[in-house]
Amino acid sequence: TSLPQDGDTCVPGWPTFGVVDWFVEDTVGQADESLIRDMYVRSPLASHGDILVVPACGGLLDQQYLSKLSRAYLDLPTRAGETELFGDRLARMLDQLESVVSPDVVLIDSRAGLHDISSATLTRLGAHNFLFAVNTRQTWEGYRHLFRHWQRTPEHLRDLRKHLSVVGALCPAADESYLQELSESA
(Lines give C-alpha, C1' and ligand atoms only; values in the text may rest on other atoms or scores of the structure.)
Protein backbone atom coordinates (compact mmCIF):
# COMPACT_ATOMS: atom_id res chain seq x y z
CA THR A 1 0.00 0.00 0.00
CA SER A 2 1.08 3.61 -0.30
CA LEU A 3 0.10 4.57 3.23
CA PRO A 4 2.72 6.82 4.85
CA GLN A 5 5.08 5.23 7.33
CA ASP A 6 6.72 6.89 10.33
CA GLY A 7 9.57 9.04 9.09
CA ASP A 8 8.13 9.54 5.58
CA THR A 9 8.52 13.09 4.32
CA CYS A 10 6.36 14.96 1.87
CA VAL A 11 7.24 17.73 -0.57
CA PRO A 12 6.16 21.02 1.09
CA GLY A 13 2.90 22.41 -0.33
CA TRP A 14 2.10 19.12 -2.07
CA PRO A 15 -0.68 16.68 -1.12
CA THR A 16 0.42 13.38 0.36
CA PHE A 17 -1.30 11.34 -2.36
CA GLY A 18 -2.27 11.74 -6.02
CA VAL A 19 -4.46 10.15 -8.67
CA VAL A 20 -2.11 7.19 -9.18
CA ASP A 21 -2.26 6.46 -5.45
CA TRP A 22 -6.06 6.35 -5.64
CA PHE A 23 -5.94 3.77 -8.44
CA VAL A 24 -3.43 1.62 -6.56
CA GLU A 25 -5.40 1.78 -3.32
CA ASP A 26 -8.63 1.09 -5.22
CA THR A 27 -7.24 -2.25 -6.39
CA VAL A 28 -7.10 -3.38 -2.74
CA GLY A 29 -10.36 -1.71 -1.64
CA GLN A 30 -8.72 1.15 0.29
CA ALA A 31 -9.67 4.18 -1.83
CA ASP A 32 -11.78 5.80 0.85
CA GLU A 33 -12.73 9.36 1.78
CA SER A 34 -9.64 9.84 3.96
CA LEU A 35 -7.45 9.08 0.94
CA ILE A 36 -9.43 11.58 -1.16
CA ARG A 37 -8.93 14.27 1.50
CA ASP A 38 -5.15 13.75 1.27
CA MET A 39 -5.12 14.04 -2.56
CA TYR A 40 -5.66 17.76 -3.10
CA VAL A 41 -4.18 21.10 -2.13
CA ARG A 42 -5.36 24.66 -2.58
CA SER A 43 -3.49 26.53 -5.27
CA PRO A 44 -1.91 29.86 -4.28
CA LEU A 45 -2.95 31.19 -7.72
CA ALA A 46 -6.61 31.65 -6.78
CA SER A 47 -7.62 35.22 -6.03
CA HIS A 48 -11.39 34.63 -5.60
CA GLY A 49 -12.57 31.27 -4.34
CA ASP A 50 -10.45 28.14 -4.36
CA ILE A 51 -8.58 26.24 -7.01
CA LEU A 52 -8.01 22.70 -5.80
CA VAL A 53 -5.27 20.70 -7.50
CA VAL A 54 -5.03 16.91 -7.54
CA PRO A 55 -1.69 15.87 -9.03
CA ALA A 56 -1.01 12.53 -10.69
CA CYS A 57 1.73 11.84 -8.16
CA GLY A 58 1.49 12.57 -4.45
CA GLY A 59 4.23 14.41 -2.61
CA LEU A 60 5.58 11.53 -0.54
CA LEU A 61 9.29 11.12 -1.11
CA ASP A 62 10.56 7.61 -1.89
CA GLN A 63 7.11 6.39 -2.85
CA GLN A 64 8.08 4.17 -5.83
CA TYR A 65 5.84 6.07 -8.25
CA LEU A 66 6.98 4.19 -11.35
CA SER A 67 6.03 0.81 -9.91
CA LYS A 68 2.62 2.24 -8.99
CA LEU A 69 2.02 3.28 -12.60
CA SER A 70 2.11 -0.33 -13.75
CA ARG A 71 -0.77 -1.14 -11.37
CA ALA A 72 -2.81 2.01 -11.88
CA TYR A 73 -4.40 1.19 -15.25
CA LEU A 74 -5.80 -2.22 -14.35
CA ASP A 75 -9.31 -3.31 -15.20
CA LEU A 76 -10.70 -4.90 -12.03
CA PRO A 77 -12.99 -7.89 -11.50
CA THR A 78 -16.20 -7.04 -9.65
CA ARG A 79 -18.02 -9.14 -7.07
CA ALA A 80 -20.68 -9.81 -9.71
CA GLY A 81 -18.07 -11.54 -11.88
CA GLU A 82 -17.86 -8.72 -14.41
CA THR A 83 -14.97 -6.38 -15.19
CA GLU A 84 -14.77 -2.72 -14.20
CA LEU A 85 -12.81 -0.96 -16.92
CA PHE A 86 -10.18 1.69 -16.27
CA GLY A 87 -12.49 4.41 -17.63
CA ASP A 88 -15.25 3.39 -15.26
CA ARG A 89 -12.80 3.43 -12.37
CA LEU A 90 -11.72 6.93 -13.42
CA ALA A 91 -15.36 8.08 -13.42
CA ARG A 92 -15.83 6.53 -9.97
CA MET A 93 -12.75 8.33 -8.62
CA LEU A 94 -14.08 11.65 -9.96
CA ASP A 95 -17.50 10.98 -8.40
CA GLN A 96 -15.82 10.26 -5.07
CA LEU A 97 -13.65 13.37 -5.31
CA GLU A 98 -16.62 15.55 -6.29
CA SER A 99 -18.68 14.24 -3.38
CA VAL A 100 -15.94 15.36 -0.97
CA VAL A 101 -15.04 18.79 -2.42
CA SER A 102 -18.19 19.78 -4.40
CA PRO A 103 -16.40 21.71 -7.17
CA ASP A 104 -18.15 24.04 -9.60
CA VAL A 105 -15.92 22.90 -12.47
CA VAL A 106 -13.49 20.01 -12.94
CA LEU A 107 -10.64 20.34 -15.41
CA ILE A 108 -8.66 17.22 -16.30
CA ASP A 109 -5.26 17.50 -17.89
CA SER A 110 -5.07 14.03 -19.39
CA ARG A 111 -2.24 12.50 -21.30
CA ALA A 112 -1.84 13.91 -24.80
CA GLY A 113 -2.02 11.75 -27.88
CA LEU A 114 -3.75 8.46 -28.49
CA HIS A 115 -3.55 6.52 -25.27
CA ASP A 116 -5.97 4.57 -23.09
CA ILE A 117 -5.95 7.40 -20.53
CA SER A 118 -6.97 10.06 -23.05
CA SER A 119 -9.48 7.61 -24.53
CA ALA A 120 -11.11 7.12 -21.14
CA THR A 121 -11.35 10.85 -20.48
CA LEU A 122 -12.82 11.49 -23.94
CA THR A 123 -15.33 8.68 -24.11
CA ARG A 124 -16.38 7.73 -20.59
CA LEU A 125 -16.85 10.91 -18.60
CA GLY A 126 -19.60 12.66 -20.60
CA ALA A 127 -17.82 16.00 -20.37
CA HIS A 128 -16.89 18.68 -22.85
CA ASN A 129 -13.43 17.94 -24.24
CA PHE A 130 -10.87 20.43 -25.47
CA LEU A 131 -8.45 18.95 -27.98
CA PHE A 132 -5.28 21.03 -27.86
CA ALA A 133 -3.60 21.01 -31.24
CA VAL A 134 -0.38 22.19 -32.78
CA ASN A 135 -0.74 22.63 -36.53
CA THR A 136 1.52 19.76 -37.54
CA ARG A 137 1.06 16.70 -39.68
CA GLN A 138 1.55 14.47 -36.62
CA THR A 139 -1.28 16.19 -34.74
CA TRP A 140 -3.79 15.80 -37.53
CA GLU A 141 -2.77 12.21 -38.33
CA GLY A 142 -3.33 11.30 -34.69
CA TYR A 143 -6.75 12.92 -34.63
CA ARG A 144 -7.56 11.31 -38.00
CA HIS A 145 -7.00 7.87 -36.41
CA LEU A 146 -9.29 8.83 -33.55
CA PHE A 147 -12.05 10.11 -35.81
CA ARG A 148 -11.88 7.07 -38.12
CA HIS A 149 -12.25 4.83 -35.09
CA TRP A 150 -15.30 6.77 -33.97
CA GLN A 151 -16.86 6.39 -37.42
CA ARG A 152 -16.88 2.61 -36.86
CA THR A 153 -18.22 2.75 -33.30
CA PRO A 154 -21.70 2.75 -31.81
CA GLU A 155 -23.84 5.85 -32.08
CA HIS A 156 -23.14 7.05 -28.52
CA LEU A 157 -19.48 7.66 -29.45
CA ARG A 158 -20.45 9.56 -32.58
CA ASP A 159 -22.33 11.98 -30.35
CA LEU A 160 -18.98 12.99 -28.87
CA ARG A 161 -18.57 15.47 -31.73
CA LYS A 162 -21.01 17.74 -29.92
CA HIS A 163 -18.66 17.74 -26.93
CA LEU A 164 -15.36 18.51 -28.67
CA SER A 165 -13.57 21.80 -29.21
CA VAL A 166 -10.19 22.20 -30.87
CA VAL A 167 -7.91 24.73 -29.19
CA GLY A 168 -4.75 26.08 -30.79
CA ALA A 169 -1.76 25.27 -28.61
CA LEU A 170 1.67 26.88 -28.78
CA CYS A 171 0.46 29.49 -31.26
CA PRO A 172 3.10 31.94 -32.43
CA ALA A 173 2.32 35.46 -31.21
CA ALA A 174 0.49 37.67 -33.69
CA ASP A 175 0.61 35.11 -36.53
CA GLU A 176 -2.84 35.24 -38.10
CA SER A 177 -1.83 32.90 -40.96
CA TYR A 178 -0.92 30.16 -38.46
CA LEU A 179 -4.32 30.45 -36.79
CA GLN A 180 -6.07 30.39 -40.18
CA GLU A 181 -4.20 27.23 -41.22
CA LEU A 182 -4.93 25.61 -37.85
CA SER A 183 -8.60 26.41 -38.22
CA GLU A 184 -8.74 24.99 -41.76
CA SER A 185 -6.92 21.82 -40.66
CA ALA A 186 -9.30 21.39 -37.75
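For the range 34-72, the set of residues classified as hydrophobic (A, V, I, L, M, F, W, C) and under 20 Å from Val100 (Cα atoms) consists of Leu35, Ile36, Met39, Val41, Ala46, Ile51, Leu52, Val53, Val54, Ala56, Cys57, listed by residue number. Considering the range 35-64, and only residues there that are touching a strand residue (DSSP E or B) at 6+ places or on another chain (Cβ under 8 Å) and modelled with pLDDT of 90 or more, the residue that is most open to solvent (accessible area, probe 1.4 Å) turns out to be Arg42. All told, Val28 falls short of being open to solvent by 30 Å² or more (accessible area, probe 1.4 Å), closer than 18 Å to Thr121 by Cα and free of Cβ contacts under 8 Å to residues at least 40 places away in the same chain. Within the range 172-182, being under 9 Å from Asn135 (Cα atoms) and under 28 Å from the mean Cα position of the chain (by Cα) holds for Leu179, Leu182.
Of a type outside the set (D, E, K, R) and under 23 Å from Thr121 (Cβ atoms), is that true of Ala72? So Ala72 passes the test.
Listed here are the residues, each with its yes/no results for (1) in a helix (DSSP H, G or I); (2) farther than 19 Å from Gly29 by Cα; (3) open to solvent by 80 Å² or more (accessible area, probe 1.4 Å); (4) at pLDDT 90 or above.
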{"position": "Leu66", "(1), (2), (3), (4)": "yes, yes, yes, no"}
{"position": "Arg71", "(1), (2), (3), (4)": "yes, no, yes, no"}
{"position": "Val100", "(1), (2), (3), (4)": "yes, no, no, yes"}
{"position": "Pro103", "(1), (2), (3), (4)": "no, yes, no, yes"}
{"position": "Arg111", "(1), (2), (3), (4)": "no, yes, yes, no"}
{"position": "Leu122", "(1), (2), (3), (4)": "yes, yes, no, no"}
{"position": "Gly126", "(1), (2), (3), (4)": "no, yes, no, no"}
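In the range 34-45, the residues that are on the phi < 0 side of the Ramachandran plot form Cβ pairs under 9 Å with partners that are hydroxyl-bearing (Ser, Thr, Tyr) and surrounded by fewer than 19 Cβ atoms within 10 Å (Cβ to Cβ), at six or more places apart or across chains, as follows: Ile36/Ser99. Restricting the range 148-169 to residues that are more than 24 Å from Leu94 (Cα to Cα) and open to solvent by 80 Å² or more (accessible area, probe 1.4 Å), the residue that is modelled with the lowest pLDDT is Glu155. Of the listed requirements (1) assigned to a loop (DSSP other than H, G, I, E, B); (2) farther than 21 Å from Thr121 by Cβ, Pro55 misses just one: (2).
The values are calculated or read from the model by the stated rules, or taken from the named source; none is laboratory data. Bear in mind the structure is a predicted one, so any value in this text is a computation, not a measurement. Please note: Cβ atoms are built from the backbone with ideal geometry, for glycine as well, and neighbour counts cover all protein chains shown. Note: accessible area is taken over every heavy atom of the protein model, side chains too, but ligands, DNA and RNA are not part of it. Shrake-Rupley method; radii C 1.70, N 1.55, O 1.52, S 1.80 Å.
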